[in-house]
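The values are calculated or read from the model by the stated rules, or taken from the named source; none is laboratory data. Here the structure is a predicted model, which means the values were calculated and not measured. Virtual Cβ from ideal backbone geometry, glycine too; neighbours counted across all protein chains shown.
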Amino acid sequence: MIQYNCSSPDSLYATVNASWCSIREDECHNKTASQSDLCLSRSAYLEKYLGPCRSPFFLPMCVTYLLIFVVGVLGNSLTCIVIARHRVMRTTTNYYLFSLAISDLLVLLLGLPLELYELWSNYPFLFGVAGCYFKTCLFETVCFASVLNVTALSVERYRAVLHPLHAKHVATHAHAKRVILVLWAVSLLCALPNTSLHGVEMLKPRFGLTFPNSGVCTVIHDRWIYNLLVQVTALLFFILPMLTITVLYVLIGLQLHRERGCFDAKTGLSQDGVTQRARHRQVTKMLCESLFPAVGMLEWVKRIS
């Protein structure tokens, strides 16, 4: 609860020496809202209009973030090392997984510390306008890149299962690299509009005083533009990709089901049948693993809500 105390030497009243604010605390409560603000200290004034400086959930979130950091950095680093050091692992599918791992590492190494710092101290934002732009652009870019990488991976798997002959000639290493570069470039460009709407906002001067410690990285332009951008972005980078991935996986599942019945009838327990079943298990495992980035999509929707 915010305490009003005009007699405190730290109060705004003592700072501006306003003659109409009584030193008696009970009279201060009877003043208008504007006048009673003078009975607040600077920290209490900031808390009234910006909320608590430190999140009440800092400790549990800190523990959770540290666990995510350790597991995420270890797992994604191993993924990148294995794919980079072993030529046999450099398949088109693994190129997309490598790109996903890079996007995760960017968030973990650069974005997660910023998030943790904001939980510790929501204001002032110490990194300036450039830091605000960087933070916003980073999260937007990696979220978009993750969604597009998962979608592109699903398209490649669809080709491999339903059109294997065509995929053999199209899904080359060079093609995968070009697609990934384009996806990252598109993600960066699509992140710029939302980034441009953000900036460091401070409380407006009052009583002849400024509040330099009130800087917060937030939306500083018209809110309706931001809301419209959120709706368009949600359509392009959440709804459409999820629908596309769902349709492709349903088609892949139906095709695998048909092939399984066909090969069971023709090959029985022959070596070809065993090999084909192993291929089916590998593809099914890939489909299950590809569903995990959908959690990242949901996290992004939560952030822009």
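Numbers for the structure displayed
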{"quantity": "Residue count for region 50-59, restricted to those that are farther than 14 Å from Tyr117 by Cα and part of a helix (DSSP H, G or I)", "calculated": "1"}
{"quantity": "Of residues in region 86-112 being touching a residue at least 40 places away in the same chain (Cβ under 8 Å) and of a type in the set (D, E, K, R), the one farthest from Thr136 (Cα to Cα)", "calculated": "Arg90"}
{"quantity": "Residues being within 15 Å of Thr91 (Cβ to Cβ) and in contact (Cβ under 8 Å) with a residue 60 or more places away in the chain - total across region 162-177", "calculated": "6"}
{"quantity": "Residue in region 241-262 that is surrounded by 13 or more Cβ atoms within 10 Å (Cβ to Cβ), outside any strand (DSSP E or B) and of a type in the set (D, E, K, R) present", "calculated": "yes"}
{"quantity": "Out of Phe139, Phe211, sole residue that is closer than 20 Å to Leu112 by Cβ, crowded, with 18+ Cβ neighbours inside 10 Å and touching a residue at least 60 places away in the same chain (Cβ under 8 Å)", "calculated": "Phe139"}
{"quantity": "Matching option when the condition is of a type in the set (Val, Ile, Thr) and in contact with a Cys (Cβ under 6 Å, 6 or more places away or on another chain), among Val170, Val216, Val200, Val186", "calculated": "Val200"}
{"quantity": "Lys204 vs. criteria at negative phi and either touching an Asp or Glu at 6+ places or on another chain (Cβ under 8 Å) or surrounded by 14 or more Cβ atoms within 10 Å (Cβ to Cβ) (or both)", "calculated": "no"}
{"quantity": "Residue pairs meeting the criteria (Cβ under 8 Å; at least 6 apart or on separate chains; first under 26 Å from Met202 (Cβ atoms), in region 221-245; second of a type in the set (A, V, I, L, M) and part of a helix (DSSP H, G or I))", "calculated": "Val230/Ile304"}
{"quantity": "Search result, residues across region 177-192 that are at pLDDT below 95, surrounded by fewer than 18 Cβ atoms within 10 Å (Cβ to Cβ) and in contact with a helix residue (DSSP H, G or I) (Cβ under 7 Å, 6 or more places away or on another chain)", "calculated": "Lys177"}
{"quantity": "Pick from region 80-100, criterion in a helix (DSSP H, G or I) and among the polar types (S, T, N, Q), ranking: farthest from Phe57 (Cα to Cα)", "calculated": "Thr92"}
{"quantity": "Complete set of residues in region 43-58 that are surrounded by fewer than 16 Cβ atoms within 10 Å (Cβ to Cβ) and in contact with a Ser or Thr (Cβ under 7 Å, 6 or more places away or on another chain)", "calculated": "Cys53, Arg54"}
{"quantity": "Search result, residues across region 148-193 that are touching a Leu at 6+ places or on another chain (Cβ under 9 Å), closer than 20 Å to Val250 by Cβ and not polar (S, T, N, Q)", "calculated": "Val150, Ala152, Leu153, Val155, Arg157, Tyr158, Val161, Leu162"}
{"quantity": "Test: Ala145 is more than 21 Å from Thr195 (Cβ to Cβ) and either in contact (Cβ under 8 Å) with a residue 12 or more places away in the chain or of a type outside the set (Val, Ile, Thr) (or both)", "calculated": "no"}
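Let's see how each residue does on (1) loosely packed, with under 15 Cβ neighbours inside 10 Å; (2) touching a helix residue (DSSP H, G or I) at 6+ places or on another chain (Cβ under 9 Å); (3) closer than 22 Å to Lys168 by Cβ:
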site	(1), (2), (3)
Pro60	yes, no, no
Leu67	yes, no, no
Gly75	yes, yes, no
Thr93	no, yes, yes
Phe98	no, yes, yes
